[in-house]
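The values are calculated or read from the model by the stated rules, or taken from the named source; none is laboratory data. Everything numeric here is computed off the predicted structure, so don't read it as measured data. Positions of Cβ are backbone-derived with ideal geometry, glycine not excepted, and every protein chain shown enters the neighbour counts.
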Protein chains: 4
Amino acid sequence: MSKLAYLGPRGTFCEAALRLLAPDVEGVPYANVTAALEAARSGTADGAVVPLENSVEGAITQTLDELAWGPPLLVTGELLLPVEFTLLVRPGTELAQIKRLTTHPAAHTQCRGFIERELPGAVVVAAASTAGAAQEVAAPGSPYDAAISPAIAGEYYGLTAIASNIGDRSDTVTRFIRVSPPGLLPEPTGADRTSLVVFLQDDHPGALLEMLSEFAVRGVNLTRIESRPTGDGIGHYFFHFDCEGHVSDARVGEAISGLHRLSSDVRFLGSYPRADAVAPQVRRGTADADFAEAADWLSRIRAGRV
Amino acid sequence: MSKLAYLGPRGTFCEAALRLLAPDVEGVPYANVTAALEAARSGTADGAVVPLENSVEGAITQTLDELAWGPPLLVTGELLLPVEFTLLVRPGTELAQIKRLTTHPAAHTQCRGFIERELPGAVVVAAASTAGAAQEVAAPGSPYDAAISPAIAGEYYGLTAIASNIGDRSDTVTRFIRVSPPGLLPEPTGADRTSLVVFLQDDHPGALLEMLSEFAVRGVNLTRIESRPTGDGIGHYFFHFDCEGHVSDARVGEAISGLHRLSSDVRFLGSYPRADAVAPQVRRGTADADFAEAADWLSRIRAGRV
Amino acid sequence: MSKLAYLGPRGTFCEAALRLLAPDVEGVPYANVTAALEAARSGTADGAVVPLENSVEGAITQTLDELAWGPPLLVTGELLLPVEFTLLVRPGTELAQIKRLTTHPAAHTQCRGFIERELPGAVVVAAASTAGAAQEVAAPGSPYDAAISPAIAGEYYGLTAIASNIGDRSDTVTRFIRVSPPGLLPEPTGADRTSLVVFLQDDHPGALLEMLSEFAVRGVNLTRIESRPTGDGIGHYFFHFDCEGHVSDARVGEAISGLHRLSSDVRFLGSYPRADAVAPQVRRGTADADFAEAADWLSRIRAGRV
Amino acid sequence: MSKLAYLGPRGTFCEAALRLLAPDVEGVPYANVTAALEAARSGTADGAVVPLENSVEGAITQTLDELAWGPPLLVTGELLLPVEFTLLVRPGTELAQIKRLTTHPAAHTQCRGFIERELPGAVVVAAASTAGAAQEVAAPGSPYDAAISPAIAGEYYGLTAIASNIGDRSDTVTRFIRVSPPGLLPEPTGADRTSLVVFLQDDHPGALLEMLSEFAVRGVNLTRIESRPTGDGIGHYFFHFDCEGHVSDARVGEAISGLHRLSSDVRFLGSYPRADAVAPQVRRGTADADFAEAADWLSRIRAGRV
């Protein structure tokens, strides 16, 4: 039976994502993104599930940098997981008894309305993670009465949910990715996404515009661009790009080959089914059949058959 | 005498930046970026100094989001501060006596080589900030023997530096900005930078390329682009742009007016002298004199004087 | 009463165009485009009507070059005239009697089907113009039995039309322009066209793309581009551009100011109502109101009122 | 022995070009460009030499339209021929005796200075071609005393040159092309040119910019663009493009395949050595080796070998 590493401890949203992405696979928690990815690289696990971005907090920069700089891994799947916070207590605790509450600061921020309304006098103490908060509440002699955590954490730590979906906004989403060691790519599904990292050849003005033109000319839509520092000083960045389509699509292949030619380095991170299953808009003249027909035409004219 | 809020506690790199940016001004520490900026907005302080990006860690997203979403502030200055870590101890402690060390996790990461080499057996405990680590070492009965902190923290907490510049790489830099309430902009110096936030009108493919073209056509070079989530779900982003030049430059004014026309919203964050004093390359035909001459020409031809 | 020069002799399509463009004005024929435009420049006439392009033959290069290099004139109107050929004979001549036919070679080409079908044995002799052909048929002792000419030529030379609309295709059109000495431009009508000549700064690759981008970024659509040699050797060209809109439109003004800044020279040839009265598609953010609002915004932010 | 058709009559600049392009080949004069190209198509000749553009007059539109619309031919060579006019007379005629002069109107225009200076009282009569003018002077009982013609015409018609290089400017050049029936292309020489005709898919604004971007993104420089009417009414054009490089170059092949995919039709007109032997500037990342390396890379990543 295969195993996937994930960002632990047990009971994280990341574990919830793993269960949806790979229901039949055993999850193994790791202390941080780097450790989870290292497990995938070393073969200790068969892959990993880690967060990539959150619709409120933005990119998980540790994930971005690990994918860019560490030994290569391939993204083979993605999942959009709604961030639903649950108020967990030891069995028997009632809302009115909650004096000391623990959770991760981001969760604190995102549940501020609920806390002010329902737990106005409670002291909130920062935990390292929302799952860790649940773990602490479950510990014998815990100083905390409740944790704000993923529902899944209740299962692990024997806690009871006394309020669900307590975030101030209901539409916060985290995007998780499944990564695997280099190997066969997922087959194209017609609704795929491709991720890559581009290091510009130099920092000449217009280099980014040039990169975007490589996509635009082949009718490939970008869905995300994220800049990260190269480490060589302020003003020097590299880029994560997500685009529509699969690297086996002719237009995607030509576009990223163009990026490869023009840039210092392109690291291909994978092509995989989009979580939202949205098929790309394929602009006139950029379908695989158009590329195949054009290649035939080019062969003919190169042979002088006009 | 004027006062500037900064990211505390006392002894942070942010305070070191403030001393360089505004030597004669009193600094007032705040617990986080939001609080420091709020002090500038409310008039409790005359402005604030906060970190914007680090050459290794990347953007300080709390700063980006506060500038984008909070009540408006203007960036009026910037500073590039080398990140130089110092090993601080209580007077009399020697290197060999250090068993327990505290610092911020990022500093831990960046001083890993020194620690392995010089303090191989030491336990490292995470602190909330590098300045806070120094504060803890100085506290009576502290469980820690040493802190990795900015040199400035030694002054405040009565600690002694027994090793300086202990980071694994010597070129890490943090960019700090000074912000002020809306009011007169800094005068152009010939080597300025302009910062803005752009919310796209919609997410049509090519919207970002369109934005970059507004800069490119007027010969305005971008020095930085940073995407951030709008909060409306994965796939929806807004952008921070830094470009060369001052908003009073004709080419910059026309470029950002173009952005304003095409986008849902542009928030101008300020024009201010570049810390590196690098003058922009002004492309043929895009100097102020060229714009003025072209405006005259346009007036003439509109009047039929050809 | 005012007078307009036109491309003669009497009875040309150009005269027909003049009658439609300026019904109440006296037309004065000139031997060629240069002479007609010279009459407009010198004040001998109040303006001129000359052909600019034909939907089959293409540009009238003499007109393009005169407008680009000669003393400045303004285009103040345009007309699209269907090219309808008429077979003219001396009164009494019948179709079967036509043995020798004269017309301009272009008309010969365009009426080839009619001639083969209806006048299979006729000899066709080249004339300098279609109107001149009619003139020759009318001359005493003419060696010709018929002319292919504009209908209007029949009036002048006392000839009878025995076949009308004899061209092989019925949709050939010539675009005529009215030019005037520099002076007030025609008022904007909401469906205008602007013509200009652009001399590139140098011949660097991409210069043309740069020019087109100046239009594209401001949402100004080109309706025509024509390259002409500068005279400095093969490979050196300048360009005639027609675009949608009036120079008094903000987007057009900014676009051609941009061209002016980047190019060696821009000669403005005029803004005038489109013959087809097609209103331009005004892209989001490029209407005059958008430019005005953006200018206000720019003034505010430059004053620090953010 | 092979034969090439050319634009006659004997003694034209076109014949002079043919002698330089193909010294060992017999030239056969034809009355016009269409007839010469038809001879090449039908096999009556093995190819043809015709003028394409002149550095003062611009394009030879008949050549452009024949290449675009007629049965396909391939351009296999080009020549830049300086236009040097010679004053030809019957042997024994002296300059002072020249009262009546004949030549083509374009030559008349280009030798205006010489005529005013040296032949102030002479009557100038228009001829159909400069070579034809020489032929007329040589005819028994000719009403003309002299012709302005190519030097080569003197040989044919037994005339004597009494003044050479009499054009007002010495740098006028005509570009001639050699065309052949479809068949093997000339081998790449490292300094080649490629010609093509592009019919846009539709007339949407920005279609031309799109076309130019296909070249620009692959680093292919255009050396010429010429618009011609499609015949479907004013405002509808197709384009002749000349670009640097050979269709066997990867960057050229990919660029014109892109045009082919996006446009209604692309007619390839040929790749052939440049007359000026100027090697193209090959932008970083666009040499054949770069394309080959990128293709390998793409194969690897498509197989998941990252």
B:P72 vs (1) under 26 Å from B:A147 (Cα atoms); (2) surrounded by fewer than 20 Cβ atoms within 10 Å (Cβ to Cβ); (3) not small (G, A, S): all pass except (1)
Report those strands (runs of 3 or more DSSP E) wholly inside the range C:200-306 carrying at least 1 residues which are more than 9 Å from chain D (Cβ to nearest Cβ), of a type outside the set (S, T, N, Q) and surrounded by 20 or more Cβ atoms within 10 Å (Cβ to Cβ). C:237-244, C:265-273
Flag if C:G70 is within 14 Å of chain B (Cβ to nearest Cβ), farther than 15 Å from C:G8 by Cα and at pLDDT 95 or above: yes
Being closer than 21 Å to D:L18 by Cβ, aliphatic (A, V, I, L, M) and in a helix (DSSP H, G or I), is that true of even one residue in the range D:67-82? yes
Among (1) in contact with a strand residue (DSSP E or B) (Cβ under 9 Å, 6 or more places away or on another chain); (2) free of Cβ contacts under 8 Å to residues at least 24 places away in the same chain, where does C:L74 come up short? (2)
Subset of the range C:92-113 (residues that are more than 34 Å from the chain's Cα centre (by Cα), assigned to a helix (DSSP H, G or I) and polar (S, T, N, Q)): C:Q97
Among the listed residues B:T103, B:T63, which satisfies the condition of being touching a helix residue (DSSP H, G or I) at 6+ places or on another chain (Cβ under 9 Å), surrounded by 20 or more Cβ atoms within 10 Å (Cβ to Cβ), of a type outside the set (D, E, K, R) and farther than 28 Å from B:D265 by Cβ? B:T103
Got at least one residue in the range B:39-50 being of a type in the set (A, V, I, L, M, F, W, C), free of Cβ contacts under 8 Å to residues at least 12 places away in the same chain and under 30 Å from B:V124 (Cα atoms)? no
Count, please, the residues in the range D:160-183 that happen to be more than 14 Å from chain A (Cβ to nearest Cβ) and either part of a loop (DSSP other than H, G, I, E, B) or of a type in the set (D, E, K, R) (or both). 10
Conditions (1) crowded, with 17+ Cβ neighbours inside 10 Å; (2) closer than 19 Å to C:R228 by Cβ; (3) not polar (S, T, N, Q); number of the one not met by C:G11: (2)
Going residue by residue through the range B:226-246, is there one that turns out to be farther than 23 Å from A:E244 by Cβ, more than 25 Å from the chain's Cα centre (by Cα) and in contact (Cβ under 8 Å) with a residue 24 or more places away in the chain? no
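For the range B:174-187, does any single residue satisfy the condition of being surrounded by fewer than 21 Cβ atoms within 10 Å (Cβ to Cβ), more than 21 Å from B:N32 (Cα to Cα) and without any contact (Cβ under 8 Å) to a residue 60 or more places away in the chain?
Yes, because at least one residue in the range B:174-187 is surrounded by fewer than 21 Cβ atoms within 10 Å (Cβ to Cβ), more than 21 Å from B:N32 (Cα to Cα) and without any contact (Cβ under 8 Å) to a residue 60 or more places away in the chain.
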Would you point out which residue out of C:A128, C:A138, C:A146 is outside the structural domain of C:P51 (by TED's automatic domain parsing), within 27 Å of D:E57 (Cβ to Cβ) and without any contact (Cβ under 8 Å) to a residue 60 or more places away in the chain? C:A128
Members of the range C:1-26 that are of a type in the set (D, E) and in a loop (DSSP other than H, G, I, E, B): C:D24
All positions within the range C:188-225 that are more than 21 Å from the chain's Cα centre (by Cα), of a type in the set (D, E, K, R) and closer than 26 Å to C:A294 by Cβ: C:E210, C:E214, C:R218
Out of the residues in the range A:27-64 meeting the condition of being more than 14 Å from chain B (Cβ to nearest Cβ) and part of a loop (DSSP other than H, G, I, E, B), tell me which one is farthest from A:V75 (Cα to Cα). A:T44
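Quick grid of which residues meet (1) of a type in the set (D, E, K, R); (2) at pLDDT 95 or above:
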residue: B:S227; (1), (2): no, yes
residue: B:H240; (1), (2): no, yes
residue: B:C243; (1), (2): no, yes
residue: B:S257; (1), (2): no, yes
residue: B:H260; (1), (2): no, yes
residue: B:Y272; (1), (2): no, yes
residue: B:D276; (1), (2): yes, yes
residue: B:R284; (1), (2): yes, no
residue: B:A303; (1), (2): no, yes
Take the conditions in contact with a helix residue (DSSP H, G or I) (Cβ under 7 Å, 6 or more places away or on another chain), in the same structural domain as D:D265 (by TED's automatic domain parsing), within 26 Å of A:M211 (Cα to Cα) and not small (G, A, S) and apply them to D:E244. Does it pass? no
Within the range C:114-154, how many residues are charged (D, E, K, R), within 12 Å of C:T102 (Cα to Cα) and part of a helix (DSSP H, G or I)? 1
